[in-house]
Amino acid sequence: MVKEISLNDKLPSFSLEATRVRTCKDSDLLGQWAVIFIYPKDNTSGCTREVREFNERYSEFESAGLTIFGLSKDTMASHTSFSTKLDLQFPLISDPQTLLIQSLNAWKEKSMYGKKYMGTERSTFLINKDLTVKYIWRKVKVAGHVDEVFDKYQELIGDL
């Protein structure tokens, strides 16, 4: 059983392949605010919508000092194709063994048509400059989520 990650916990250590940057490590996030949004699968309707919405607001997030990372268990080949298709401006991190996804406690038992299986729970993490988790969204609904993330970031940096 993986310990539930909570507010003010450190981001778990990781080193995974990613689009745009080849390898993404926790240390790459040091010194900047970051959002890591975990989504179930490339090229599905909800995930495509979420990724597109983050991409549409990319320059606004970047100007505000917030770096965006998408994370799923899809392969690098899938991520590269998805990223190219949507002309993404931020990295997609590939976690096929679900190591980071599990350590962020976003690998959950799900059920469809009465059949139980393990899958990714759409979750988002707002991480500060010293890799501390400052806000967590679980069971994310795509509609309005990107606005929520941006607004929460603005609220938190306003409190500094």
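The values are calculated or read from the model by the stated rules, or taken from the named source; none is laboratory data. Source: prediction; values computed, not measured. Using ideal geometry, Cβ is built from the backbone for each residue, glycine included, and neighbour counts are taken over all protein chains shown.
All of K141, K129 fail the test of being farther than 13 Å from V35 by Cα, of a type in the set (D, E, K, R) and out of contact with any Lys or Arg (no Cβ under 6 Å at 6 or more places or on another chain), apart from K141.
Quick check: is even one residue across segment 81-89 over 16 Å from the mean Cα position of the chain (by Cα) and among the charged types (D, E, K, R)? Checking segment 81-89: at least one residue is over 16 Å from the mean Cα position of the chain (by Cα) and among the charged types (D, E, K, R).
For segment 95-129: of the residues being of a type in the set (F, W, Y) and surrounded by 18 or more Cβ atoms within 10 Å (Cβ to Cβ), which is farthest from F61 (Cα to Cα)? That would be W107. Inspection of segment 50-69 identifies no residue that is among the hydroxyl-bearing types (S, T, Y) and at pLDDT below 95. In this structure, S63 does not satisfy being of a type outside the set (A, V, I, L, M, F, W, C) and touching a strand residue (DSSP E or B) at 6+ places or on another chain (Cβ under 9 Å).
Does S13 satisfy the criteria of being touching a helix residue (DSSP H, G or I) at 6+ places or on another chain (Cβ under 6 Å), hydroxyl-bearing (S, T, Y), without any contact (Cβ under 8 Å) to a residue 24 or more places away in the chain and under 27 Å from Y117 (Cα atoms)? Here the answer is yes, as S13 does meet what is asked.
Just for segment 2-37: of the residues that are within 15 Å of the chain's Cα centre (by Cα) and part of a helix (DSSP H, G or I), which one is surrounded by the most Cβ atoms within 10 Å (Cβ to Cβ)? Filtering first and then ranking leaves L29.
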